[in-house]
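These notes concern the structure reproduced below.
Bear in mind these aren't lab numbers, they're just calculated from the coordinates by the rules spelled out. Since this is a predicted model, take the numbers as computed values, not measurements. A quick note on method: Cβ atoms are made from the backbone with ideal geometry, for glycine too, and the neighbour counts reach across all protein chains shown.
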Amino acid sequence: MSVRFSVLGSGSRGNATLVATRSTRIMVDAGFSGRELARRLDAVGAAPGQLSAILLTHEHADHTRGAGVFARAHGTPLYMTAGTRQACDSLLTGSETVHVYRPGRPVTFDDLAVEPFITVHDARDPVAVAVSEPDEDLRLGIATDLGKPGVQAKHALRACDALVIESNHDEQMLWAASYPAAVKSRIASSHGHLSNRGAAALAVELLSPRLSVVVLAHLSEETNTPALARSTMERALAKKGYKGRVVVAGGDSPTRLFDLAELRGRSRAAQLSLFGQLPG
Ligand SMILES: [Zn+2]
Ligand SMILES: [Zn+2]
């Protein structure tokens, strides 16, 4: 059964991603208001009341803003690390169902397996996730708010069909920006956010024949542009022979629903037609 996903919105104003099979729907992060999350889920054809779980990656408001309100309104179970649970206390009233998950311990929701893995970021106990569907061997990595991607991140994000990765800032635009020096240093540090160049280097390192779409996420509105983020990634991947797509996720509206099985079929067909053109 295929896996579909849509980045419902991404950036400093909010982050949320829907991952769905025919029987399971999960949302990774809930960084918009409860009402806005419901509206965006509706926009991609997912009824807000039918989510199996919301998985939070860390406590920053752009990932958790609507988590409590949404969970209470729709009875959705919340998953988060112990540190994130403590840091999110003010969002929760105690009437929600909260499960604690741990990096390196996969959690299964019917036909989807979610592997949380450790990230380095200035939050209490941050993770990112890889989501897989074992029957068709489909795999999606969702990793934003990465300072310096560590071995755990690189291991969890290997052999993905699709990657949603942070492409936060252009390094030159960041240093030219009017932020205080301490803020710039924090963003660029190993506990901050991944630059366009950093994202491209990570994607090149993770590149495998099965990768067919890279979605760039968490773009800064002040120190990046969609065109810069996309061209940096496209150039780096093209040099390595990547034939898939590069898509930028914005803050205002959801991306289309990507279908991992369909994308895989398409990239196989492209490879076959390429072979067909070769002599002999
Ligand atoms: Zn963060
Ligand atoms: Zn964030």
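Is one or more of the residues making up segment 8-15 free of Cβ contacts under 8 Å to residues at least 60 places away in the same chain and of a type outside the set (D, E, K, R)?
Among the residues of segment 8-15, not one is free of Cβ contacts under 8 Å to residues at least 60 places away in the same chain and of a type outside the set (D, E, K, R), which makes the answer no.
Within the option set 111, 137, 145, 122, being among the acidic types (Asp, Glu), crowded, with 16+ Cβ neighbours inside 10 Å and away from ligand 1 (no atom under 16 Å from the Cβ) holds for one residue only, 111. Looking across segment 133-155 at every residue that is in contact with a strand residue (DSSP E or B) (Cβ under 9 Å, 6 or more places away or on another chain) and within 16 Å of ligand 2 (Cβ to nearest atom), the one that is nearest to residue 213 (Cα to Cα) is identified as 142.
Could you list all residues from segment 199-244 that are free of Cβ contacts under 8 Å to residues at least 40 places away in the same chain and either touching a Phe, Trp or Tyr at 6+ places or on another chain (Cβ under 9 Å) or among the small types (Gly, Ala, Ser) (or both)? Once the filter is applied, which keeps residues that are free of Cβ contacts under 8 Å to residues at least 40 places away in the same chain and either touching a Phe, Trp or Tyr at 6+ places or on another chain (Cβ under 9 Å) or among the small types (Gly, Ala, Ser) (or both), segment 199-244 yields 199, 200, 201, 204, 207, 227, 231, 234, 236, 238, 241, 244. Residues in segment 28-47 that are buried (at least 22 other Cβ atoms within 10 Å of the Cβ), of a type in the set (A, V, I, L, M) and in contact with a Ser or Thr (Cβ under 7 Å, 6 or more places away or on another chain): 28, 30.
Against the definition (of a type in the set (S, T, N, Q) and either buried (at least 20 other Cβ atoms within 10 Å of the Cβ) or over 26 Å from residue 139 (Cβ atoms) (or both)), how does residue 50 come out, yes or no? No, not satisfied.
Residue 17 passes every criterion in (1) more than 16 Å from ligand 1 (Cβ to nearest atom); (2) in a strand (DSSP E or B) apart from (1). Residue check: is residue 163 among the hydrophobic types (A, V, I, L, M, F, W, C), touching a residue at least 40 places away in the same chain (Cβ under 8 Å), on the phi < 0 side of the Ramachandran plot and assigned to a loop (DSSP other than H, G, I, E, B)? No. Among the residues of segment 82-104, those identified as under 19 Å from the mean Cα position of the chain (by Cα) and over 23 Å from residue 18 (Cβ atoms) are 102, 104.
Go through segment 1-25 and give me each residue that's among the β-branched types (Val, Ile, Thr) and either crowded, with 24+ Cβ neighbours inside 10 Å or more than 17 Å from residue 107 (Cβ to Cβ) (or both).
Those that are among the β-branched types (Val, Ile, Thr) and either crowded, with 24+ Cβ neighbours inside 10 Å or more than 17 Å from residue 107 (Cβ to Cβ) (or both): 3, 7, 17, 19.
Selection of segment 124-152 for residues being more than 15 Å from residue 28 (Cβ to Cβ) and small (Gly, Ala, Ser) yields 147, 150.
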